[in-house]
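A.B. asks: Questions regarding the structure given below will be posed in turn.
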Amino acid sequence: MEKVVDMTTRRDAVSIEYSASAHGAERSAYQALYTQLIEGGYCLIENLLDAELLARLKQTSDDLLDAQSQDQHQAQRSTGSMVSVFDDPLFAELVSYSRALDVLYRLGFVCPRWSSGYVISKPPQSPALFWHQDWWGWNDASSYTPIPQQLFLMYYLVDTTPENGCLRLLRGSHLKRHPMHDIVPDAHTDELRRMVDPDHPAYQSIAEEVDVPVKAGDLVIGDSRILHSAHANKSGQRRTVITLWYHPYYNILPEGLQAGIGRMRERTGWPEESWERVEAAGLLAEYRGDVEATAWNRIPGQELK
């Protein structure tokens, strides 16, 4: 029996519960989600992961996190962890997960490509994540348009609240400059990851921030350019999310960006059958041209106004 489309509002954010149906009401709902994603920078799909896959992802993620050393924990004190999805072939199933690809298709992203991902887990009693954005192609003029060059798909494996480190973001900051852009022009520094200065503004709450609490199995889709962070985890349990990066319009991106994305990863880590799974889904971002890749630059220019 199909689920009825459930449109709800979570702190002024429209969300939809995933269903395999494609009725008129649901099509209209996805149009609203697309508008929110393009204008606000994110949207929420509830109950996307099926229970069996969620359980396997939790177990695999916990095993990988348990194997980390103390030095690795200290290197990512603010982030919590940055475990590559290439460390276990199960994540290839998630990359090519049919429900997620169905959602992307219904949002209008009919030919996405995938590039990388991480298990990001905040341990119990761990500090806030610094404010940052994830896009690196700011040298290309297309980065200053409404069309997203890269999306993050965040799969939460536990329920989240501000108490245990839920996502927080600055709506619209993927298109409009915010003072935080100048406070942390490139937030991905060793000092911020290690939280050398706990009083740094990069960790602090901002009046206009929006909390995005979720349930285990929910999916948050966001424009990689949006400024986001996470609250401190004040609970006694891990707060784990798996973040994957997709490129919804890879085929029409400037060739320099295609080159930078398509040359990022070699086929390493996973067994060949895992790569074949991703390739069969049409998700590999592989560039074979001879154009020079756009230079890596995480700092947006003044064009972001």
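The values are calculated or read from the model by the stated rules, or taken from the named source; none is laboratory data. Predicted model only: the values in this text are computed from it and were never measured. Please note: Cβ atoms are built from the backbone with ideal geometry, for glycine as well, and neighbour counts cover all protein chains shown. With ligands, DNA and RNA removed, areas are computed over all heavy atoms of the protein, side chains included. Shrake-Rupley method; radii C 1.70, N 1.55, O 1.52, S 1.80 Å.
A.B. asks: Give the lysines whose C-alpha is closer than 28 Å to that of Lys305, dropping any in the same chain fewer than 8 places away, or say none.
C.D. replies: Cα-Cα hits under 28 Å: Lys176.
A.B. asks: Here's another thing I want to ask about it. What's the local net charge at Gly301, with K and R +1, D and E -1, over the other residues with C-beta under 14 Å away? List each step's numbers first, then the result.
C.D. replies: Values: positive: Lys176, Arg177, Arg225, Arg298, Lys305; negative: Asp140, Asp182, Asp186, Glu303.
Value of the local net charge: +1.
A.B. asks: Could you size up the charge dipole of the range 118-262 around its Cα centre, putting +1 on the beta carbon of Lys and Arg and -1 on that of Asp and Glu, and report it in debye to the nearest 20?
C.D. replies: 340
A.B. asks: Determine the calculated [θ] at 222 nm for the chain from helices alone, applying -39500 (n - 2.57) to every DSSP H run no shorter than 4 residues and normalising by the residue count; nearest 500 deg cm²/dmol.
C.D. replies: Numbers: 9 runs with 81 residues, N = 305.
Taken over the chain, the calculation gives -7500 deg cm²/dmol.
A.B. asks: Based only on Cα atoms, what mean projected area does the convex hull of the range 57-158 have, in nm²?
C.D. replies: Details: hull surface 33.0 nm².
The orientation-averaged projected area of the Cα hull of the range 57-158 comes to 8.2 nm².
A.B. asks: Okay, next question. Where does the range 147-298 land on the Kirkwood hydrodynamic radius, alpha-carbon pairs, in angstrom? Before the final figure, lay out the partial values.
C.D. replies: Numbers: mean 1/r = 0.0561 Å⁻¹.
Answer for the range 147-298: a Kirkwood hydrodynamic radius of 17.8 Å.
A.B. asks: Could you calculate the contour length gain from Asp182 to Ser205, that is, 0.36 nm times the residue separation minus the distance between their Cα atoms, to one decimal place in nm?
C.D. replies: Once the chain is fully extended between Asp182 and Ser205, it gains 6.7 nm.
A.B. asks: For a Förster distance of 45 Å, can you work out the FRET efficiency between the beta-carbons of Ala32 and Gln72, rounded to the nearest 0.05? Mind dumping the intermediate values first?
C.D. replies: Working: r = 41 Å, r/R0 = 0.91.
After rounding to 0.05, the efficiency reads 0.65.
A.B. asks: A further question on this structure: Quick check for you: with a 1.4 Å probe and neighbouring chains kept, what is the accessible area per residue of the chain, in Å²?
C.D. replies: Numbers: 13170 Å² over 305 residues.
Ligands and nucleic acids excluded, the figure is 43 Å² per residue.
A.B. asks: While we're here: Of all the Cα-Cα pairs you can form in the range 71-114, what percent are over 11 Å apart? Kindly include the intermediate steps, with their values, before the conclusion.
C.D. replies: Values: 689 of 946 pairs.
Result: 73 percent of Cα pairs exceed 11 Å.
A.B. asks: What ratio of Cα Rg to 2.2 N^0.38 Å holds for the chain? Spell out each step's value before the answer.
C.D. replies: Working: Rg = 18.4 Å, N = 305, 2.2 N^0.38 = 19.3 Å.
This ratio for the chain stands at 0.95.
A.B. asks: Please report the antiparallel percentage of the DSSP beta bridges confined to the chain, to the nearest 5.
C.D. replies: Values: 39 of 44 bridges.
Within the chain, antiparallel bridges account for around 90 percent of the total.
A.B. asks: Moving on. Leaving ligands, DNA and RNA out of it, report the carbon-plus-sulfur percent of the accessible area of the range 120-267 at a 1.4 Å probe.
C.D. replies: Values: 2790 of 5250 Å².
Whole-percent figure for carbon plus sulfur exposure: 53.
A.B. asks: Asp290 versus Tyr144, label points 7 Å from Cα toward the beta carbon: distance in nm?
C.D. replies: 3.1
A.B. asks: Let me know the Rg and Dmax you get for the range 42-99 when you use only its Cα atoms, in Å.
C.D. replies: Taking only Cα atoms of the range 42-99, I get Rg and Dmax of 13.5, 37 Å.
A.B. asks: Give the lysines whose C-alpha is closer than 25 Å to that of Lys215, dropping any in the same chain fewer than 8 places away, or say none.
C.D. replies: Lys3, Lys58, Lys122, Lys234
A.B. asks: Relative to the Cα centre, what is the charge dipole magnitude of the range 10-127, using +1 at the beta carbon of each Lys and Arg, -1 at the beta carbon of each Asp and Glu, and rounding to the nearest 20 debye? Each step should come with its number before you reach the end.
C.D. replies: Numbers: 10 positive and 15 negative charges, 76 e Å.
It comes to approximately 360 debye.
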